[in-house]
Structures are given as structure tokens and as C-alpha cells.
Amino acid sequence: MISKQHIIDRFISYVTIDTESDPNSNTTPSTAKQWDLANKLVAELKAIGMSDVTIDDNAYIMATLPSNVDKEVPTIGFISHFDTTPDFTGANVKPQIIENYDGSDIVLNAAENIILSPDYFEDLLLYKGQTLITTDGTTLLGADDKAGITEIVSAMEYLINHPEIKHGTLKVGFTPDEEIGRGAHKFDVEKFGADWAYTMDGSQIGELEYENFNAAGAVIKAKGKIVHPGYAKGKMINSMYYATEFINTLPRLETPEHTEGYEGFFHLYSIKGEVEETVLEYIIRDHDKVKFEARKALMQKIVTDLNTKFEAEVFTLDIKDQYFNMKEKVEPVMHIVDLAENAMQAIGITPLIKPIRGGTDGSQLSYMGLPCPNIFAGGHNFHGRYEYVPVESMQKAIEVICKIAELAAKK
């Protein structure tokens with residue numbers, strides 16, 4: 001298998017390129033700097049010997065590894081995204097290599113006393129004796145999803161260099177703007193030409209996911225009136241107090257910090273307030289479609305009830321669906337999940353089949369006609385300064401890709 005150092009070098013060459021996406025942009029990709037990595041990936045795919053390497057006007061990358069068998073076997077795709085989240089800076093990433101991790105605290109940044117500790121992040125203890133790549137405590141790492149890209153490119157390189165491993169036609173796809181919910185919006189499924197695909201965008205080694213949240217975004221605006229505070233009695237209406245009442249009317253324990261597994265939530269992620277107007281931005285998530293619709297209906301009812309209470313149109317609500325649970329599209333073709341599970345077991349990995357508490361490009365692609373479960377990429381603590389990835393997990397993900405290709409050709 002490809003050496004650890006080769007994987008480390010490739011991964012670091014990706015994460016040190018800033019590709020943060022921007023939800024306030026109307027372009028695709030949403031930031032010009034995403035082209036820096038996109039163009040590098042195109043050159044690299046050509047250099048390792050991939051065929052039909054293309055990049056379109058929106059930075060969607062596709063490439064083909066032709067079949068090396070003389071029978072008809074399914075065409076399988078592997079997909080990852082090259083943008084990083086706007087939740088935390090991805091500029092000037094300075095990865096740190098921790099070899100033979102001993103299970104103790106990792107000092108990410110001594111000057112700022114930033115510690116990656118197994119006392120808080122218990123998963124670290126799964127990787128004692130392994131090589132970890134961490135941040136320096138001031139940025140995210142970008143393993144979401146540059147670990148996935150590293151794994152796909154490395155797997156293709158390995159299969160090209162080892163033609164004795166028989167496989168059908170394999171397709172590679174890299175997308176921009178997944179972190180702002182647009183990764184699949186301009187993905188040309190017909191051009192991609194795969195029977196099904198896998199996103200390499202999960203976390204812990206062994207993860208295999210074909211269920212995700214139904215998702216919507218909600219914007220609530222509360223209107224007020226500003227007058228001089230010295231003469232405000234009976235006249236001023238402070239929108240921030242109204243907004244607080246809306247917040248407190250929602251179920252307090254149905255939030256991300258109080259839920260797990262299949263439990264849905266309301267997540268208030270932004271407040272912008274002044275006396276005259278306060279804007280609340282929420283995401284609404286639930287695996288169950290009926291409960292998902294009920295959550296949206298509850299928000300509307302609260303707005304209606306509060307407007308009735310205050311005898312004015314104080315609140316307005318705008319809800320937009322974002323993506324849906326891919327389980328509906330994957331269950332009819334469960335053999336594609338079984339194939340990934342068998343591939344993991346064949347190389348000694350215990351599959352962890354569980355729902356995604358989030359979304360991937362695969363959820364949207366599944367509704368676009370490309371069933372697309374999600375496989376682990378190996379990283380932990382995405383979207384922040386405590387992000388890390390074990391190199392051995394990336395090695396195993398590469399092996400999973402190769403084994404999926406091999407097993408599919410034996411059908």
C-alpha cells in the first residue's frame with residue numbers, strides 16, 4: 001500500500017491551500033481561492049495517469065480510471081469536496097505531525113495554551129501508537145474533506161501502478177462549496193456516468209452511512225421601533241426582547257448540544273440585533289420526514305401565536321428546504337452499502353453503520369439519480385482548531401476504495 005509519508009506529503013500539500021467557501025457569495029465556486037487547489041488537482045490527476053480529466057467553469061472536477069477487465073461490471077464513483085467550512089479560518093494552516101501518539105495531551109499551541117486532550121476528546125485514545133496530523137491551534141486542519149481527496153487520488157494512483165488488481169471503470173469527482181450546501185448543485189450526474197458512487201467524507205474509521213438529516217434553513221425577523229431612550233415610555237419597541245421570546249418558546253433541549261443519534265434539533269447559529277430589527281438564523285434537522293415537517297410547522301405556529309399575542313406583525317418567517325434523507329434513495333439499492341461493508345470487513349475493519357448527523361454531497365446526489373452512501377475519511381473534530389486525522393485511518397480508507405473496486409469486478 002502507499003506509504004504513510006507519501007500520504008502525509010499529499011495531504012499537507014492540500015490543506016496548506018486555503019479553500020474556505022463563502023455562503024454570502026453568488027458565484028460558483030463561492031471563493032476564487034478554491035481554484036488554487038482545483039487546478040492543482042487537475043494537474044495531479046493527469047500526472048498519475050487518469051483519463052478524461054476535466055474541470056468545468058464552476059470548478060467541478062471529473063476523471064476516469066478505465067476498466068482493466070474484459071467483462072461488463074458496474075461503473076463506480078468516488079467523490080469528495082475541496083472547500084473548507086467558513087465556520088473557522090482555513091488560512092495559513094500549519095499542520096503538526098505527532099508520531100507514535102502516546103495517549104497524553106497534545107499541546108497544539110503553547111503560547112495560547114491550546115490543548116488537544118483525550119480527557120475531553122476521548123476518541124484520541126483509539127489511535128494510541130499511530131501517527132496523527134493536528135492543527136497548530138489557530139486554524140482548522142481541512143481533513144474535511146481534503147483527507148477524502150487524498151484518499152481518492154492515492155487509491156487511483158495505487159490501482160494505476162498495480163494493474164494486477166482487477167477493477168471496472170472508476171470515476172472520480174471533486175466539488176466546490178459542499179460546506180455551504182451547494183456541493184452538488186451543479187454536479188453533472190449524466191456526464192459523471194457512474195451507476196452509483198461513494199462520498200469519502202465521514203469521520204471515524206469504519207463509518208458507513210446511508211441515512212442523513214432532512215434539512216431546512218429558517219430566517220426569523222422581529223421588527224421594533226426606535227425612539228430616544230429618554231422619552232421611550234410607551235413608544236419604543238425593542239425587537240431584541242421579542243426575538244428572545246421566540247427563542248425561549250422553542251423546545252430548549254431540542255438543540256445540537258442536547259441531542260444524538262436519530263434525534264433532530266433546532267439550531268440557532270446567528271443573531272444580529274438592534275432595537276429596530278433582530279434577525280435569527282436557524283437550521284432545522286431531523287432524520288424522520290414527518291418530524292421534520294412538524295418542526296417547520298412548529299416554527300410557523302410560534303410566529304403566528306406571537307404575532308397574535310402582540311397584536312401586530314412583529315415576526316416574519318422564511319423557511320427553505322436544503323436537502324433530504326438519502327435513505328429513501330439508497331434502500332432500494334442496498335447492495336451498494338453491502339459492497340462497502342464487505343470491503344471493510346475484507347481488510348479487517350469493523351463497519352460502523354449509523355446515521356449522519358449532517359449532510360454530504362451524497363444526500364443531494366442521491367436525489368439527482370446517483371445513489372451515494374458515505375464512507376469514513378478518518379478525521380475528527382471537524383470545523384475547528386481541535387481537528388485531527390490519523391494517517392493510518394487514511395491508509396485504511398485508501399484500501400477500502402481499492403477493495404470496493406476489486407470486489408465489484410468479481411461479481
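Note on region 242-254: among residues that are part of a helix (DSSP H, G or I) and of a type in the set (A, V, I, L, M), the one that is surrounded by the fewest Cβ atoms within 10 Å (Cβ to Cβ) is ILE247.
From the list ILE375, ILE319, ILE356, ILE404, pick out the single residue that is within 22 Å of ASP87 (Cα to Cα), touching a strand residue (DSSP E or B) at 6+ places or on another chain (Cβ under 8 Å) and modelled with pLDDT of 95 or more.
Only one candidate qualifies: ILE319.
Just one of the numbered conditions (1) touching a Ser or Thr at 6+ places or on another chain (Cβ under 7 Å); (2) modelled with pLDDT of 95 or more; (3) not small (Gly, Ala, Ser) is not true of LYS396: (1). Of the strands (runs of 3 or more DSSP E) entirely within region 8-123, those holding at least 1 residues that are over 25 Å from ILE375 (Cβ atoms), out of contact with any Lys or Arg (no Cβ under 6 Å at 6 or more places or on another chain) and open to solvent by 70 Å² or more (accessible area, probe 1.4 Å) occupy 106-109. The one condition from (1) farther than 16 Å from PHE315 by Cβ; (2) part of a strand (DSSP E or B); (3) open to solvent by less than 30 Å² (accessible area, probe 1.4 Å) that ILE283 does not meet is (3). State yes or no: is GLU190 of a type in the set (Asp, Glu) and under 23 Å from LYS94 (Cα atoms)? For GLU190, the condition - of a type in the set (Asp, Glu) and under 23 Å from LYS94 (Cα atoms) - is not met. Checking each residue in region 180-190 for being open to solvent by 40 Å² or more (accessible area, probe 1.4 Å) and within 30 Å of PHE315 (Cα to Cα) picks out only ARG182.
Yes/no per residue for (1) part of a loop (DSSP other than H, G, I, E, B); (2) open to solvent by 10 Å² or more (accessible area, probe 1.4 Å); (3) touching a residue at least 40 places away in the same chain (Cβ under 8 Å); (4) under 20 Å from ASP201 (Cβ atoms):
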| site | (1), (2), (3), (4) |
| --- | --- |
| ASP136 | yes, yes, yes, no |
| LEU141 | yes, no, yes, yes |
| ASP144 | no, yes, yes, yes |
| ALA147 | no, no, yes, yes |
| LEU159 | no, no, yes, no |
| PRO163 | yes, yes, yes, no |
| GLY168 | yes, no, yes, no |
| VAL172 | no, no, yes, yes |
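For region 148-183, the set of residues classified as of a type in the set (Gly, Ala, Ser) and over 18 Å from GLY358 (Cα atoms) consists of SER154, ALA155, GLY168, GLY173, listed by residue number. Within region 204-246, the set of residues being under 30 Å from ILE353 (Cβ atoms) and among the polar types (S, T, N, Q) comprises GLN204, ASN212, ASN214.
The values are calculated or read from the model by the stated rules, or taken from the named source; none is laboratory data. Values in this document were obtained by computation on a predicted structure and should not be read as measured data. We place every Cβ from the backbone using ideal geometry, glycine too, and count neighbours over all the protein chains shown. Areas reflect the complete protein model, heavy atoms only, side chains present, ligands, DNA and RNA absent. Shrake-Rupley method; radii C 1.70, N 1.55, O 1.52, S 1.80 Å.
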